[in-house]
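No lab work stands behind these numbers, since they all come straight from the coordinates. In this text the structure is predicted, and so the values were computed from the model without any measurement. Positions of Cβ are backbone-derived with ideal geometry, glycine not excepted, and every protein chain shown enters the neighbour counts.
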There are 2 protein chains.
Amino acid sequence: MDTTEFRRRGKEMVDLIADYLENIEQRTVYPDVEPGYLRSLIPEEAPEEPDTYEDVVKDIERVIMPGVTHWHSPYFYAYFPTANSFPAMLADMLSGAIGCIGFSWAASPACTELETVMMDWLGKMLKLPEDFIAGTHGQGGGVIQGTASEATLVALLAARCRAVRMILASDPQRPETGITSKLVAYSSDQAHCSVERAGMIAGVRMKKIPTEQSDKYAVQGETLRRMIQEDKAAGLIPFYFCATLGTTPSCAFDHITELGHVSGPALYKIWMHIDAAYAGSSFICPEFRPLLNGIEFADSFNFNAHKWLLVNFDCSTMWVKKRSDLIGAFEMDPLYLKHDHQESGRYFCTDNSLFRSLKMWFVFRIYGLKGLQDYIRKHVELAKEFESLVRADQRFEISADVVLGLVCFRLKGSNEVNETLLKRINNGRKIHLVPCLLSGQFVLRFALCARTTESRHIREAWQLITQLAEEVMQELPH
Amino acid sequence: MDTTEFRRRGKEMVDLIADYLENIEQRTVYPDVEPGYLRSLIPEEAPEEPDTYEDVVKDIERVIMPGVTHWHSPYFYAYFPTANSFPAMLADMLSGAIGCIGFSWAASPACTELETVMMDWLGKMLKLPEDFIAGTHGQGGGVIQGTASEATLVALLAARCRAVRMILASDPQRPETGITSKLVAYSSDQAHCSVERAGMIAGVRMKKIPTEQSDKYAVQGETLRRMIQEDKAAGLIPFYFCATLGTTPSCAFDHITELGHVSGPALYKIWMHIDAAYAGSSFICPEFRPLLNGIEFADSFNFNAHKWLLVNFDCSTMWVKKRSDLIGAFEMDPLYLKHDHQESGRYFCTDNSLFRSLKMWFVFRIYGLKGLQDYIRKHVELAKEFESLVRADQRFEISADVVLGLVCFRLKGSNEVNETLLKRINNGRKIHLVPCLLSGQFVLRFALCARTTESRHIREAWQLITQLAEEVMQELPH
């Protein structure tokens with residue numbers, strides 16, 4: 001395919017995408033296929049000679065679309081949102097064409113520099129403490145990761161490195177493996193599974209801190225303090241705590257100010273990482289910013305701009321107070337990466353990545369801060385609207401505070417009846433939800449996801465849910 | 001921005017991209033900016049109110065382009081190629097619009113299934129042993145990772161998990177931390193820095209196996225055998241070996257058949273991972289496939305289709321003989337990811353990703369296997385052409401066998417003279433190269449990178465290099 005054909009096919013693709021998104025409501029949100037459906041629809045091997053472009057495009061509807069879960073349908077309420085906006089898509093097109101791999105400043109200066117500046121822009125939107133802003137002289141700053149899982153791991157590894165160095169500094173004879181085997185990290189029992197996995201990867205103990213429904217599933221400072229004390233008494237070395245702002249099951253918020261006093265430098269020199277994967281975007285609104293109070297105690301902070309801030313995947317934004325902590329933990333120095341401006345840790349970036357900051361730049365400028373705030377607020381309002389529909393129906397209950405765009409709810413009654421209801425909802429394929437477990441109860445999660453969801457979709461979804469609930473309650477014994 | 005405006009802006013962006021790539025030759029390949037150049041060109045904060053789209057587009061030339069290293073210029077010969085093709089860009093546009101996150105089969109069945117089938121297509125193009133093909137009943141199969149670094153780490157973690165389980169199976173009382181601290185992994189001293197980093201992340205010893213110029217920088221079976229024996233005698237547990245096919249400095253090839261006999265199941269049950277990040281794409285050509293002989297001894301194999309196979313970043317293709325080894329090492333099971341078709345490890349995919357297999361599908365079909373082979377062969381021919389230009393000049397020497405698209409060369413003489421030459425080349429900004437160290441010698445790497453590089457560019461580059469060499473040799477004492 002030459003440039004002339006690309007001009008034609010590219011424009012056709014723009015129309016195909018616009019058509020897809022314009023009419024996405026008409027598609028079945030959750031596909032009705034069995035595992036293995038796709039293999040039989042296409043050849044077993046790649047063609048020797050080229051296929052025509054027309055054939056490839058025809059196969060999008062024949063092969064792909066029947067198996068797509070339409071995350072951007074206004075009827076999609078599963079998991080958490082993933083961003084999808086036109087400015088971000090335009091920036092991604094450009095990023096793909098420039099196609100530079102930004103593993104060092106010299107590999108493409110604009111790529112590294114725009115990332116640093118965009119992370120400052122976003123940090124300022126969030127009113128992060130000055131410590132996290134790179135500016136021209138700061139020691140902290142932001143870097144884009146692929147996912148929150150990656151950020152959690154990166155923070156954990158930097159914390160491990162810092163802990164080992166600190167201990168070796170005071171006791172240089174101590175064998176390093178002896179230190180690692182004593183390290184212990186903590187996170188909420190509500191934390192995302194990737195936090196536990198980060199511990200597995202790094203080969204360190206990760207303890208889950210129990211939470212209670214009565215505490216709104218937030219980790220209490222006292223609980224953490226007690227666990228740390230017990231572990232220290234047992235000869236272990238507490239070194240890392242991952243707090244969550246907006247947990248995956250119920251969007252619960254750990255009390256980071258309280259926790260900061262426990263894990264902060266004054267007491268134990270434990271690295272506090274804050275994972276706000278979903279909720280982080282909302283902190284650009286003054287009314288939600290108090291949820292982030294206590295950030296001053298953190299060593300690192302991360303959220304997924306690719307979830308709720310209209311910047312398409314992947315764009316997981318992470319800040320640290322000391323860039324040198326990250327650089328020190330990962331530094332490698334082969335000659336083929338050296339260049340004349342190799343310096344001082346002013347810029348740092350992840351291993352390999354495209355020009356991801358371009359889409360932040362496009363989105364921030366084309367929406368403006370106000371446009372982004374409006375978008376967040378609209379989702380929260382829709383969640384509140386759904387919450388009031390649930391509360392108005394005596395058969396249902398709300399299972400966790402509705403703080404942002406997630407409503408956890410259930411039929412009063414057994415787990416079985418709720419499991420059946422959810423199955424019925426998803427098998428109907430008109431809307432799509434996933435469940436969670438809260439204090440042993442099977443709960444339905446209604447997450448505001450699509451950019452195009454409006455009040456009418458919410459009401460339609462609720463009508464469907466109540467109708468199916470009625471059926472289920474008639475069939476199942478109470 | 002609404003759909004109507006996206007149709008217009010998207011088509012403008014297609015033209016902008018086509019113009020950029022059509023005229024990329026006219027741009028300075030390596031930017032002439034100082035660190036910090038970008039910050040002063042844009043505001044310190046995001047705008048409150050939206051900027052106009054026109055202003056954003058104008059800023060591409062004003063702010064971004066002056067700082068871009070143009071990886072797809074035919075004058076770019078640095079690092080290794082990164083893929084950039086029109087079919088892949090079209091597929092990426094579609095992938096961005098569908099915007100599903102494929103962390104489970106149910107999250108978007110088409111995403112997971114096309115990935116499995118495309119990895120089979122590619123595995124068959126490479127003539128991988130049947131063990132690595134998923135098919136409908138296989139135990140092995142392929143999965144897309146972001147980078148070769150990720151694949152190396154994933155393989156290492158799976159190997160660590162397998163080793164610990166095997167040891168615990170025979171000695172259930174042994175404490176797990178006691179095992180980890182005895183584990184030892186190996187790779188060539190020519191391996192990519194990410195291999196060493198994988199060891200750091202996983203918290204295991206990683207030993208570098210020395211290589212010699214006389215052995216063409218390939219790891220010798222005998223050397224590995226000796227190191228393993230010594231380590232076993234010292235009470236360590238060898239568990240992982242990362243072989244490289246096509247090293248970053250000089251595109252050297254470890255002798256995997258010989259190494260397979262050392263590290264394979266018969267002798268030590270060491271996990272052998274093969275990192276063919278750059279060279280892997282060439283194995284679709286029958287004449288280069290012998291370089292992969294011995295693959296039958298490997299547990300896992302990876303290369304970057306996003307380097308040399310026209311599939312835009314990111315698309316690092318990894319195969320394993322036993323999917324259960326990967327799944328077992330990373331499995332997490334939260335309720336919000338469960339679904340009705342949760343089964344048997346038939347599908348597995350990385351944590352979070354977009355619909356990356358779409359671009360494999362577009363590229364394989366629109367080029368056809370022959371088109372892809374032609375592309376690889378053209379680069380190899382151009383490298384041979386450059387090699388013969390170097391060999392014809394008595395002042396220069398070739399520093400390593402030219403097997404694929406990389407030519408390592410230097411002026412006969414001191415490192416200083418070669419460093420000066422490289423500096424002069426890059427400061428001239430007409431072509432861009434990076435160096436490597438081979439046996440203490442400073443060497444220039446000439447890597448065929450851009451899709452659009454032709455014989456005339458090679459000859460022009462050589463003319464420039466010889467002209468600068470003459471200047472340098474006149475200035476510097478021999």
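Listing for the model above:
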item	result
For the range B:186-193, Karplus couplings with θ = phi - 60° (6.51, -1.76, 1.60), whole Hz, Gly/Pro x	9, 7, 5, 5, 9, 5, 4, 4
Tensor-based shape of the range A:126-252 (alpha-carbon gyration tensor, a/c under 1.5 rounded, otherwise prolate or oblate)	oblate
Shielding of B:173-182 by partner chains, average beta-carbon count, 10 Å	3
In Hz, Karplus ³J(HN,Hα) per residue of the range A:124-132 (6.51, -1.76, 1.60; θ = phi - 60°; x = Gly, Pro)	5, 4, 7, 6, 5, x, 3, 3, 8
Pairwise Cα inverse-distance average, inverted: Kirkwood Rh of the range B:228-287 (Å)	12.9
Linear extension gain, A:Gln213 paired with A:Glu470, 0.36 nm per residue minus alpha-carbon span	89.7 nm
Overall dimensions of the range A:47-114 as given by Cα atoms, namely Rg and Dmax in Å	17.8, 45
Amide proton proximity set for B:Asp393, modelled H, under 5 Å, gap of 5+	none
Estimated FRET transfer efficiency when R0 is 41 angstrom, pair B:Asp32-A:Glu12 (beta carbons, to 0.05)	0.60
Neighbourhood charge, 11 Å Cβ-Cβ cut-off, centred on A:Lys322 and excluding it, Lys, Arg +1 and Asp, Glu -1	0
For the protein assembly as shown, alpha-carbon Rg relative to the globular expectation (2.2 N^0.38 Å, N residues)	0.92
Convex hull of the range A:367-478 built on C-alpha atoms - directionally averaged projected area, nm²	7.2
Centre separation in Å (Cα based) which lies between the range B:126-204 and the range A:68-141	31
10 Å Cβ neighbours from other chains, averaged over peptide B:112-118	5
Electrostatic dipole magnitude of the range A:5-47 [Cβ: Lys, Arg +1; Asp, Glu -1; Cα centre; debye, to 20]	240
Label 7 Å beyond Cα on the Cβ vector: A:Thr3 copy-to-copy distances, nm	3.3
Options B:Thr466, B:Leu372, B:Ser399, ranked by Cα towards positive dipole end of the range B:368-475, top entry (Cβ charges)	B:Leu372
Separation of alpha-carbon centers, the range B:360-417 and the range A:32-65, rounded to whole Å	35
Unit charges on C-beta of K, R, D, E only; dipole of chain B, Debye	1420
Pseudo-label separations to other copies for A:Arg377 - Cα-to-Cβ vector, 7 Å, nm	6.4
Length-normalised contact order for the range A:100-353 - Cα pairs under 8 Å, 6+ apart - percent	25
Approximate shape of chain A as ellipsoid semi-axes (Cα gyration tensor, √5λ), whole Å, largest first	38, 33, 21
Cross-link pairs beyond the 19 Å C-alpha cut-off, checked among A:Lys124/A:Lys216; A:Lys58/B:Lys359; A:Lys359/B:Lys11; A:Lys182/B:Lys182	A:Lys124/A:Lys216
Residue among B:Met318, A:Met200, A:Ile295 farthest towards the positive dipole end of the protein assembly as shown, charges placed on Cβ	A:Met200
Shielding by partners - mean other protein chain Cβ count within 10 Å, residues of B:358-364	4
Neighbourhood charge, 14 Å Cβ-Cβ cut-off, centred on A:Ala233 and excluding it, Lys, Arg +1 and Asp, Glu -1	+2
Two-site FRET efficiency, B:Gln173 against B:Ala234, from Cβ-Cβ distance with R₀ of 22 Å, rounded to 0.05	0.50
Among beta bridges that DSSP assigns inside the range B:100-353, antiparallel share in %, nearest 5	40
Mean projected area in nm² (Cα convex hull; one quarter of hull surface) for the range A:100-353	14.1
Estimated dipole of the protein assembly as shown in Debye, rounded to 20 [Cβ of Lys and Arg +1, of Asp and Glu -1, Cα centre]	1540
Hydrodynamic radius of the range B:3-75 per Kirkwood, over alpha carbon pairs, in Å	14.3
Listed residue (B:Leu224, B:Cys285, B:Phe241) projecting farthest to the positive dipole end of the range B:100-353, Cβ model	B:Leu224
Label zone at A:Met65, where the point sits 7 Å out along the Cα-to-Cβ direction: the range A:35-55 residues whose backbone N lies under 20 Å	A:37-43, A:52-55
Stokes-Einstein diffusion coefficient of the range A:396-439, Kirkwood radius over Cα pairs, 4 °C, 1.567 mPa s, in µm²/s	114
Relative contact order (percent, whole number), chain A, Cα cutoff 8 Å, 6+ residue spacing	22
Those aspartates and glutamates that a straight Cα-Cα span of less than 15 Å connects to A:Lys378, excepting residues fewer than 8 apart in one chain	A:Glu287, A:Glu387, A:Glu454
Calculated label separations, B:Glu54, copies of the chain, 7 Å along the beta-carbon direction, nm	4.0
Per-q log10 I(q)/I(0), the range A:112-154, q = 0.20, 0.24, 0.28 Å⁻¹ (Debye; single scatterer per alpha-carbon; no solvent)	-0.63, -0.85, -1.00
